[in-house]
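Below is one structure; the comments refer to it alone.
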Amino acid sequence: MKKVLVSLLVLALAMTSVFAAVNVNGVFEAGYTFNKPNNGDWQIGAWGNDNIYSSPVKLNVGISDDAGIWSGSLKGALVADSRLEGNITVDFGKLFLGEDSDIAIKLGATANGRVAGLNAFNNASGLNTSRIRTNEKGLWFALNVAYGNYVEVQVAGGPKLYLPMKEGKPDSESSNWATDNGDFLASAIVRPIDGLAVSLGYVLNGEGKMIYSKDGGKGALNAALDANIGKLANLDFDLGVSAAYKIGFENKYNAVVAAVYGGVDVVDVAIEYGLGIPENDSLKNALYAGVDFNVVENLLLNVYAGSTNFGVKDSFYVGGNVGYTVSGVTLNANLQYAGVGADMGDIGGDIGEGAVKAKGFSITPSISVAW
């Protein structure tokens, strides 16, 4: 798999030398987490693409043309599952109606990854509690039709895939794509004016960790609203409220999440609360608060705190990041403490812009190179 990724990177760079209109961008990110669990000894884990202990070395490459007609991406996890995710999108609106057309008709294909529904919710915490998306490890096609930034409609999915058979059983050694249930996703987002957005989405099966349905068939629906009062009222500062609701029909799971965010030039603040009924791995009774300090250009400085199950003893976490970027190179250090009762393993990798899933005290130095 690594040879395939390297070959594709070489091909992408070769294309840039032959076709001047082709752009290549990407990012490499990796680090170590030095963690002392509660009542345990120090241990070291890799950190990067999908947080500690999971797909830890990140290498993403994007390719596109200057006209914006087509774009593609490669997402590789160089350690752990060694999975390579690929995506290609063609905008037929620009291709046939011209580069200045307000109508976008994008057809995309994603292999070994997921397609997420359109979502108006302001995900300031990075928890992704209101998100719906397709099954993993499939081949998904997505059609997005949009008019300017005002309205966009999405239809995505793919059929059920089977592994090759050997002696009457699925031959997992011949392919790393597991059998799945296929999927269907439909979503839409409307932005009638700058600062106001509303979305609605439905997925038939969805990713397994959301526990919509283990066998699929009834699906899940989400609805979201975001109102940036700062933009609506032409204020000199940013202030917004966002809310979302998600329901899983198979297991009668309901999730409600709300957020308040805003800031001025020097500081940005976000507070988010989410409640899942009944409780499950994706959301319990979560509270998050984060503050970003914009005091020096290219300096990353933030603090965050919260609870994965508010009101439960030792379910809190607190941490912060300090980093600096120069010429596309970012050096960062994260410090964090998570209580014994904190379900850090269920928290997304983006929370707090760099939190780790480990419990106890942790120090995570990392490096990121973007081009």
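The values are calculated or read from the model by the stated rules, or taken from the named source; none is laboratory data. This is a predicted model, so every value here is computed, not measured. All Cβ positions, glycine included, derive from the backbone under ideal geometry; neighbour counts span all protein chains shown. Side chains included, ligands, DNA and RNA excluded: accessible areas come from the protein's heavy atoms. Shrake-Rupley method; radii C 1.70, N 1.55, O 1.52, S 1.80 Å.
Values computed for the structure shown
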quantity	calculated
Set G195, G157, G201, G182: member being closer than 27 Å to A104 by Cβ, in contact with a Ser or Thr (Cβ under 6 Å, 6 or more places away or on another chain) and either modelled with pLDDT of 65 or more or surrounded by 13 or more Cβ atoms within 10 Å (Cβ to Cβ) (or both)	G201
Criterion: charged (D, E, K, R) and either surrounded by fewer than 16 Cβ atoms within 10 Å (Cβ to Cβ) or outside any strand (DSSP E or B) (or both) - qualifying residue of D314, D292, D268	D314
Residue within segment 358-365 that is of a type in the set (D, E, K, R), open to solvent by 20 Å² or more (accessible area, probe 1.4 Å) and either at pLDDT 90 or above or in contact with a strand residue (DSSP E or B) (Cβ under 7 Å, 6 or more places away or on another chain) (or both) present	yes
